[in-house]
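Notes to accompany the following structure.
The values are calculated or read from the model by the stated rules, or taken from the named source; none is laboratory data. Please read these numbers as outputs of a predicted model, since none were measured by experiment. Heads up, the Cβs are rebuilt from the backbone with ideal geometry, glycines too, and the neighbour counts pull from every protein chain shown.
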Amino acid sequence: MKPIKKELRNLNKPQKIALIMTIIGAGILLVSTVLLIGTGYFQAVAIIAVMLTGLPYTFYKYWEYRKIRSIEKYLPDYLRDVSEAIDSGLTLTQALTSSTKGSYGVLSTEMERTANQISWGVSFEDAMMKFINRNPSYLTKKAIMVIIESQKSGGDIAKALRTVATDIKSVGRMKKQRERKLKVYTYSIYFIFFLFLGIIVVLTISFVPATPDLNRAAGIVGGTPTDLSPMDFQNYFFHLALIQAFFAGLIGGQMGKGSILEGVKHSIVMILVTVVIFQFFLAPPAFENSMAEGIIRIAPGAVDEETGHAVYTIDETTNSEKIAEIVRRKAEEDDITELIDISSEDITFVAMDCQPCVDNKLAVSQHEVEVKESTSVGARVKSLPDGRFQVILGEAPMDTEAQTGAPI
C-alpha cells in the first residue's frame with residue numbers, strides 16, 4: 001500500500017483529476033450494468049460512463065501534448081533572449097531567470113524552475129536534463145543536448161543558443177507548411193465520415209422499417225427469418241457509426257497534425273454529431289403520445305379504420321388510462337368534442353403476431369401492456385364498430401407499409 005500511496009502523492013493536479021473521473025466513470029458503468037441492463041436507459045448511460053472512464057486520461061495526454069507544443073513554439077524566442085542577456089554581461093543562471101519574465105506561456109514557468117535548481121547548486125547539465133524529463137520532446141531534447149555540450153566544452157554559449165534558436169525556428173516553419181498542406185486530408189476525413197453517416201441514416205430510415213416484411217417474406221419463400229427487430233438494426237447502425245466516428249477522428253489528427261492525440265478533438269466532434277442524430281432525429285416516437293395521436297386522427301364515427309403501422313420502443317409499463325388522459329387533453333386543446341369524455345374503457349390492447357410477446361418481453365392484457373424487458377414493437381390503432389379503439393401490437397399485415405418512427 002505504501003508504494004501506491006507514494007505514487008498517488010506524486011501525481012500532479014491534471015493526473016489526479018483524470019484518475020478521479022476514471023474511477024467515477026467505472027463506477028457508473030458498473031452500477032448501470034447491474035441496475036439498468038435490459039432497459040431503454042442502459043445504452044445512453046453506458047456511453048456516458050465509457051466516456052467518463054476513458055476521456056480523462058486521453059484529455060490528460062492531450063494536455064501534455066499541447067504543453068510540449070507550446071514549449072516548442074516559444075523556445076526559439078526564449079533562447080534568443082537568453083543569448084542577448086549573456087551578451088549584456090549576465091551569467092547563464094541570471095540570463096535564464098531574467099528571460100522568464102517574457103510572455104512564453106508554460107515555458108516561462110518551466111525555465112524559472114530550472115534556473116532556481118541551478119541557483120540551489122544543481123549542475124547545469126542535471127537541471128537541463130530534469131527539464132527534458134518533465135517535458136519529453138524530441139525537438140527540445142536535441143536542442144538542450146546541443147546547449148549542454150556547448151557549455152561543457154567551454155565554447156561561446158550565447159552563439160550556441162542563437163544557432164539552436166534559428167534551427168528550431170526553421171523546423172517550426174517546416175512543420176507549419178506541412179500542416180497547411182495536409183489539412184486537406186483532415187477535411188477529407190470529415191467528408192468521408194459524413195458521407196458514411198448519411199448512408200447509415202438512409203439505411204435506418206428506409207431499410208430498418210422493412211425488416212418485419214423481409215422476415216415474413218423470408219418465411220414464405222422458405223428462408224430463415226432473423227430474430228433481429230428493427231430497433232436492433234438501428235442500435236447496430238448507431239454503434240457502427242460511433243466506432244467510425246472515434247477512429248476517423250484519430251486518423252484525421254494523425255494525417256493533419258502528425259499526432260493521434262490531435263485527433264481526439266475530431267473524434268469528440270464526430271461522436272457528438274452521431275449521438276445527436278441518432279438520439280434526437282432518429283429516435284422512435286413516444287408510444288403513448290403516438291397512440292393518442294392515432295386515436296385523434298381517426299375520423300369520429302369511423303368504423304374499421306386503421307392508422308399507419310410504425311415501430312416503437314417501449315421501456316416502461318403503460319395502460320389505457322395514460323393514453324386516454326393524453327387524448328382528453330389534446331381533444332380539449334383542439335376542441336374535438338367527441339373525444340373529450342373518452343375513458344380507459346374505450347381503449348383496449350391486443351397482440352397480433354407480436355414477437356416480443358412470444359419472447360416474454362411484453363405481457364399484453366386488455367387495458368395494460370406490461371414491460372418485462374425494454375424492446376421495440378410495431379403498433380397501430382383501429383376503430384371498432386362500438387365506438388371504442390383498439391391498439392394492435394405486432395407486425396403489420398403484408399399490405400401495410402411499416403415505418404419506423406412515422407407519424408400516425
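Meeting the requirement of 2 or more residues that are hydroxyl-bearing (Ser, Thr, Tyr), the strands (runs of 3 or more DSSP E) wholly within region 258-373 are 309-314.
GLY155 falls short of the stated requirement of being modelled with pLDDT under 85, exposed (fewer than 13 other Cβ atoms within 10 Å of the Cβ) and at positive phi. State yes or no: is THR109 surrounded by 13 or more Cβ atoms within 10 Å (Cβ to Cβ) and either part of a helix (DSSP H, G or I) or modelled with pLDDT of 85 or more (or both)? When the stated conditions are applied, THR109 does not pass them. From the list VAL311, VAL350, VAL273, the lone residue that is under 17 Å from GLY394 (Cβ atoms) and surrounded by fewer than 18 Cβ atoms within 10 Å (Cβ to Cβ) is VAL350. Residues that are surrounded by 16 or more Cβ atoms within 10 Å (Cβ to Cβ) and closer than 21 Å to THR91 by Cβ within region 130-147 comprise PHE131, ALA143, ILE144, ILE147, listed in sequence order. Against the test of being of a type in the set (A, V, I, L, M, F, W, C) and either farther than 19 Å from ILE68 by Cα or free of Cβ contacts under 8 Å to residues at least 60 places away in the same chain (or both), the options ALA165, ALA143, ALA158 yield a single qualifying residue, ALA158.
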